[in-house]
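The values are calculated or read from the model by the stated rules, or taken from the named source; none is laboratory data. Because the structure is predicted, anything quoted here is derived from the model rather than measured. So basically every Cβ, Gly included, is an ideal-geometry build from the backbone, and we count neighbours across all protein chains shown.
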Amino acid sequence: MHASSPGLRERHRLRTIKDLNRAAVELVMEHGLSAVTVEAIADRAGVSRRTFFNYFATKEDAVLGTRTPTVPEDALNRFLDGDENDQFTRTIRLIVAILRSTIADSSSYRERAALTHRFPELRERLLHHVSAAERLVETILDDKLSASGAAARESSRALLMLAGTVLRFVYARDPGSVEPDQTAAIESAIATFKKVLEDIS
């Protein structure tokens, strides 16, 4: 059975995101990041300033095609299902899902890499999203383990730091591995770290 095509409202949403992203990229390539305003991006995309902020929080997000991280419901449910894999694996998969929620449909790793190379200040926005994603995971871990006491909360922080280390390991090997259609590199890194942890335990 074929997946149903997106409805009119969803197609309009995706088109608006793409138009804003394209307009933002074109303008910063023409004039530089500091000279471009939200109003200019909205005007070129043919939408209002208010509409711009319905899709992107900042002009940097519009340029990068990124947005504030959220917790996908299906990813949260898989994390909370204690019968599915170990907590280490589930935590990494959860943070990856949250990080992927920051990537708009019109954005690609290759383009983001080229933009951050040309405009290094854009990296600050990407790091902001990574930090926000980590805080979301930390809150979820704390909520899940808070009833177990202070020791469990310390364990949750250690788990979050370890998950971050795994992601940095993956990124160093393949910077595009956090893209929504990439899973093999993440799963390979999880297996590698689990093997290392088993060997030293």
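How many residues does the stretch 52-76 hold that are touching a residue at least 60 places away in the same chain (Cβ under 8 Å) and part of a helix (DSSP H, G or I)?
4
For the stretch 99-133, which positions are within 21 Å of residue 23 (Cα to Cα), surrounded by fewer than 20 Cβ atoms within 10 Å (Cβ to Cβ) and of a type in the set (S, T, N, Q)?
Scanning the stretch 99-133 gives 106, 108, 116.
Within 15 Å of residue 100 (Cα to Cα), touching a Phe, Trp or Tyr at 6+ places or on another chain (Cβ under 9 Å), in contact (Cβ under 8 Å) with a residue 12 or more places away in the chain and not small (Gly, Ala, Ser), is that true of residue 178?
In short, yes.
Does the stretch 134-157 include one or more residues that are loosely packed, with under 13 Cβ neighbours inside 10 Å, out of contact with any Ser or Thr (no Cβ under 6 Å at 6 or more places or on another chain) and acidic (Asp, Glu)?
Looking through the stretch 134-157, at least one residue is loosely packed, with under 13 Cβ neighbours inside 10 Å, out of contact with any Ser or Thr (no Cβ under 6 Å at 6 or more places or on another chain) and acidic (Asp, Glu).
Which residues, counting only those in the stretch 78-119, are outside any helix (DSSP H, G or I) and not polar (S, T, N, Q)?
Once the filter is applied, which keeps residues that are outside any helix (DSSP H, G or I) and not polar (S, T, N, Q), the stretch 78-119 yields 81, 82, 83, 84, 86, 103, 104, 105, 119.
Among 90, 44, 15, 49, which is the only one that is without any contact (Cβ under 8 Å) to a residue 24 or more places away in the chain and in the same structural domain as residue 145 (by TED's automatic domain parsing)?
Testing whether each residue is without any contact (Cβ under 8 Å) to a residue 24 or more places away in the chain and in the same structural domain as residue 145 (by TED's automatic domain parsing) leaves just 90.
Within the stretch 77-98, does at least one residue satisfy the condition of being surrounded by fewer than 15 Cβ atoms within 10 Å (Cβ to Cβ), at pLDDT 90 or above and on the phi < 0 side of the Ramachandran plot?
yes
Say whether the condition of being in contact with an Asp or Glu (Cβ under 7 Å, 6 or more places away or on another chain), part of a helix (DSSP H, G or I) and under 26 Å from residue 66 (Cα atoms) is met by at least one residue in the stretch 138-156.
Within the stretch 138-156, none of the residues are in contact with an Asp or Glu (Cβ under 7 Å, 6 or more places away or on another chain), part of a helix (DSSP H, G or I) and under 26 Å from residue 66 (Cα atoms).
Residues are listed down the side, and each one gets a yes or a no for (1) farther than 21 Å from residue 109 by Cα; (2) loosely packed, with under 11 Cβ neighbours inside 10 Å; (3) modelled with pLDDT of 95 or more:
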{"position": "3", "(1), (2), (3)": "yes, yes, no"}
{"position": "10", "(1), (2), (3)": "yes, yes, no"}
{"position": "20", "(1), (2), (3)": "no, no, yes"}
{"position": "25", "(1), (2), (3)": "no, no, yes"}
{"position": "33", "(1), (2), (3)": "no, no, yes"}
{"position": "46", "(1), (2), (3)": "yes, no, yes"}
{"position": "50", "(1), (2), (3)": "yes, yes, yes"}
{"position": "53", "(1), (2), (3)": "yes, no, yes"}
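Check whether at least one residue in the stretch 183-194 is of a type in the set (Gly, Ala, Ser), at pLDDT below 90 and either more than 30 Å from residue 32 (Cβ to Cβ) or not assigned by TED's automatic domain parsing to the domain that holds residue 27 (or both), and report yes or no.
yes
Among the residues that make up the stretch 55-76, is at least one of them closer than 20 Å to residue 139 by Cβ and either touching a Pro at 6+ places or on another chain (Cβ under 9 Å) or acidic (Asp, Glu) (or both)?
yes
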